[in-house]
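Read through the structure below, which is laid out as structure tokens, and then see the notes.
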Amino acid sequence: MAAQTQESDTAREQTKAEQDVDQVRQRAARDQQRLDSGAITSPKDLENLQREIASLAKRQGDLEDIVLEVMERRESTQERVAELTDRVASVQSKIDDTTARRDAAFEELDGEAASVTKEREVIAASVPADLLKLYDKLREQQGGIGAAKLYQRTCQGCRQELSITDINEIRAAAPDTVVRCENCRRILVRTSESGL
């Protein structure tokens, strides 16, 4: 944006400098016509007119130098704008690519979530209502995890090893009894790897 503004300012400066050169050139051409026409006969007026033409020629040369300097600056600014425009286009291309990949990942995750939600609904239908209610309550309290695997006498929810007393109580409980971790209160899922 700054480079484009600078280029625009330089373009205006160049236009103004070129207009100044044109004005001096036109005035010098008018004065030269007056001189060439022979309408001025007074030697003093002729001398003044020649001095003015010479002064205008010097002024025109100075203004043309300014125009060239401004043109060089403008060209440099245009190159900078082109370079930055290319960089912006490159970055925008990367952004577009990343956005497309993100959107595709979201779409995949949404599909996965829908599939898992359907699976959960099927499984939840086979779980007793009071157990499901307890699980959902624990899940809400425990950051999304309401049940944890008991692995080698350790609750995988809180990563705490259970005491011998707790292990003995769990060992004595019937297979369909709901047992919970004394530390995190999650439902413990017993497997052959539980260390009972």
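The values are calculated or read from the model by the stated rules, or taken from the named source; none is laboratory data. Remember, predicted model here, so these are calculated numbers, not experimental data. Positions of Cβ are generated from backbone atoms using ideal geometry, with glycine treated the same way; all protein chains shown enter the neighbour counts.
Values as computed for the structure displayed
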item: In the range 123-145, the residues that are more than 17 Å from T177 (Cβ to Cβ) and either under 42 Å from the mean Cα position of the chain (by Cα) or part of a loop (DSSP other than H, G, I, E, B) (or both); result: S126, D136, K137, R139, E140, Q141, Q142, G143, G144, I145
item: Only one of E79, E182, E107, E119 that is in a loop (DSSP other than H, G, I, E, B) and either farther than 30 Å from E7 by Cβ or not aromatic (F, W, Y) (or both); result: E182
item: Filtered residues of the range 83-99 (kept if more than 13 Å from the chain's Cα centre (by Cα) and either at pLDDT 95 or above or exposed (fewer than 12 other Cβ atoms within 10 Å of the Cβ) (or both)); result: E83, D86, R87
item: Of all residues in the range 1-40 being touching a helix residue (DSSP H, G or I) at 6+ places or on another chain (Cβ under 9 Å) and among the acidic types (D, E), the one that is nearest to I53 (Cα to Cα); result: D31
item: Condition check for L109: of a type outside the set (S, T, Y), at pLDDT below 90 and out of contact with any Phe, Trp or Tyr (no Cβ under 9 Å at 6 or more places or on another chain); result: no
